[in-house]
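What follows is a set of notes on a single structure, which appears directly below.
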Amino acid sequence: MINQNTIHQFLQKINTITNNKDLSKEITSALVDMCHAQVCWICLINFETGKVDYKRFYYAEDALNDIELHTEAEKIHTIATDFLTNNYDTEEVLEYFESVSKNNKILEPIIYRNNLLGFLGLISRESSFNETYRDLVGILLENINSRLEIISLNEESEKAMRERVEFLASISHEFKTPLNSIIGFSEVLQEKCREKSNLKYIDNISKSSKFLLSLIQDVLDLARSQANPMELKYEYFRPKDVIKDIIWGFDEVRKEKNIEFNYTLSDIIIYADLKRFKQLIYNLISNAIKFNKINGKITIVTYLNEKQEFVFEIKDTGDGISKKDCSKIFNFFSQVNRNQLKRQQGSGVGLALCKTIAKAHGGDLNFKSRLSYGSTFWFSIPQKH
């Protein structure tokens, strides 16, 4: 009989495999060794198409040139595949499997989600093979079926994510074209408009369009990062200059709320993705202004800590975040303090994207806050390059 440790190692191994191809390779080769069979094969059917998705035969060394054995295995495989791909009644399929599973043969169905999605076959030269190993193969198949279901669920999830990203990419393109036209024509109107009373309306059109364009890009970036690891283009740059330029870009908005800016920026060179770094800074400063109070303050500090991480810290005197909302602050499309902050514009995308960018760099984004007393956000980017 098989050593218990061998079975345990086999189950551990299959639970680390993430695709059907590698799983099939491991199952067929391991079962030939464990059960002392001459051949083991597996066939998996695609539930959506009803066609063979994957099949694999594995022969023991002493059976590689055994033509009779090859012919027998192929014949059983062809008939079993025909049963599964031509939608035979489940009872008929199981009856065939049972009729084959005798003496030196084992043919077991692979079932998950109550669907027949393949089979596992073994042939040995030992006449008592079925009697000796069928129960063991049945037990192992329960674990194999569970692993196949997990792989299937993961593949479905990845497919759904890819479809969502493709959909978002498509609609973002459709939205960007008219929005860019709106922004362009509003800028032309600002130049040509002589009535100062109308300028504020044109300015509002321009600002709202730019905000929507930025939001669309943020949603697309976040969806892409959830489907695949965020790709970074590292380069050396001086963060002090980048941050000062972004602060200057918020000057008009800052003046409208009479917000005081104080900042101490270390004059160093860091290694990061410049485009993503700008997104981080822009979103954090935008939030600090957006959720700040009239006559409020914003303080920004940057430094290199003892772990050789670049740290950006921004503190505001705004609305703050309640304790019950702290746990969901970085969730996709999550908005906090809804009742208190109805006056504010917010999508719940910016912070989720910032967290993703920081983590993609090997760092993190964190915060501390107290409702009505403001918030402090900070992120770190390792500089061990």
Report task. Would you please name the residue that is farthest from the chain's Cα centre (by Cα), looking only at residues in segment 46-66 that are loosely packed, with under 12 Cβ neighbours inside 10 Å and not in a loop (DSSP other than H, G, I, E, B)? Result -> Asp62
Report summary line: When segment 120-140 is checked residue by residue, the ones that are surrounded by 14 or more Cβ atoms within 10 Å (Cβ to Cβ) and outside any helix (DSSP H, G or I) are Leu120, Gly121, Leu122, Ile123, Ser124, Arg125, Glu126
**Report entry** Identity of the residue in segment 255-296, in contact (Cβ under 8 Å) with a residue 40 or more places away in the chain and charged (D, E, K, R), that ends up farthest from Asn204 (Cα to Cα)
**Finding:** Asp273
Query raised in the report: For residues in segment 237-246 being hydrophobic (A, V, I, L, M, F, W, C) and closer than 12 Å to Thr302 by Cβ, which is surrounded by the fewest Cβ atoms within 10 Å (Cβ to Cβ)?
Result: Val242
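Matching residues to (1) surrounded by fewer than 21 Cβ atoms within 10 Å (Cβ to Cβ); (2) at pLDDT 95 or above; (3) in a helix (DSSP H, G or I):
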residue	(1), (2), (3)
Ser24	no, no, yes
Leu44	no, no, no
Glu68	yes, no, yes
Thr81	yes, no, yes
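Matching residues to (1) of a type outside the set (D, E, K, R); (2) at pLDDT 95 or above; (3) under 40 Å from the mean Cα position of the chain (by Cα); (4) under 12 Å from Cys35 (Cβ atoms):
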position	(1), (2), (3), (4)
Leu84	yes, no, yes, no
Asn87	yes, no, yes, no
Glu95	no, no, no, no
Val100	yes, no, no, no
Ile110	yes, no, yes, no
Asn114	yes, no, yes, no
Ile123	yes, yes, no, yes
Glu126	no, no, no, yes
Tyr133	yes, no, no, yes
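The values are calculated or read from the model by the stated rules, or taken from the named source; none is laboratory data. In this text, all values refer to a predicted model and were calculated from it rather than measured experimentally. Please note: Cβ atoms are built from the backbone with ideal geometry, for glycine as well, and neighbour counts cover all protein chains shown.
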